[in-house]
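Report on one structure; see the data block that follows.
The values are calculated or read from the model by the stated rules, or taken from the named source; none is laboratory data. Since the model is a prediction, treat every value here as computed from it, not as a measurement. Note that each Cβ is placed from the backbone with ideal geometry, even for glycine, and that neighbours are counted across all protein chains shown. Calculation scope for accessible area: heavy atoms of the full protein, side chains included, ligands and nucleic acids excluded. Shrake-Rupley method; radii C 1.70, N 1.55, O 1.52, S 1.80 Å.
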Amino acid sequence: MADTNYGPDFNESLLTKLINYLRHRNPQKLIIAFLRKFKGIIDSTFHKGINFARKNDLSGYIQYIGSAEFREALWGSAKKHIWIIFFFCLGILLMCNPLAIAGFASTGIVAGSLAAAWHSSIGSVAAGSLFAGLQSAGATLSTAIPVVGAVIIGLVIAWGRITVVKKSLMST
């Protein structure tokens, strides 16, 4: 029998599946898998940068950036600082306000959005349901979510600066 909070015809949505999938996964492994998946795009971006640098006669820089040594060092650094990358990406995601993008705006559900499609598929919304919670969060936290994202990014940058200063003091 379907969960009554989601209506009698509720079928587990893609969002619910994604939430359940992420809930049982290690974020570090997810980020590494993401980086591996888009390694070709990352390499392509590096090659575009190299071509730009060649046009501007930055040959020494180009040779290093184009080397396998640099890519391996970058990949190693990404693995070493996976939590910094995770929280930085989380901050960026929150600054984009995913609830508003999905259609849960401060003024209500946005017509033609993912939220509107979901709303039309479930009919009347039961109090306490996931949809009601997202609608409430979208209405009340429309400015707080991006601010939290900015704070997270600020903390990541501050932590990075503190780490750099700490390393420089330890080396002297």
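Collect the residues in segment 103-121 that are of a type outside the set (Val, Ile, Thr) and crowded, with 19+ Cβ neighbours inside 10 Å, keeping them in residue-number order. 103, 104, 115, 118 - these are the residues of segment 103-121 that are of a type outside the set (Val, Ile, Thr) and crowded, with 19+ Cβ neighbours inside 10 Å. If the condition is being open to solvent by 70 Å² or more (accessible area, probe 1.4 Å) and of a type in the set (A, V, I, L, M), then segment 154-164 contributes 155, 157, 162, 164. Filtering 29, 48 for residues that are assigned to a helix (DSSP H, G or I), of a type outside the set (A, V, I, L, M), open to solvent by 90 Å² or more (accessible area, probe 1.4 Å) and modelled with pLDDT of 70 or more leaves a single hit, 48.
In segment 70-97, the residues that are over 26 Å from residue 115 (Cβ atoms) form Cβ pairs under 9 Å with partners that are open to solvent by 80 Å² or more (accessible area, probe 1.4 Å), at six or more places apart or across chains, as follows: 70/64; 75/39; 84/159; 87/155; 87/159; 88/157. The selection criterion, being open to solvent by less than 80 Å² (accessible area, probe 1.4 Å), outside any loop (DSSP other than H, G, I, E, B) and polar (S, T, N, Q), does not hold for residue 63.
Taking segment 89-117 as the range and being of a type in the set (Val, Ile, Thr), under 19 Å from the mean Cα position of the chain (by Cα) and assigned to a loop (DSSP other than H, G, I, E, B) as the test, no residue passes.
Would you check if there is a residue in segment 137-153 being within 30 Å of residue 50 (Cα to Cα) and surrounded by 13 or more Cβ atoms within 10 Å (Cβ to Cβ)? Yes.
Could you grab me the full set of residues in segment 122-135 that are free of Cβ contacts under 8 Å to residues at least 12 places away in the same chain and open to solvent by 60 Å² or more (accessible area, probe 1.4 Å)?
127
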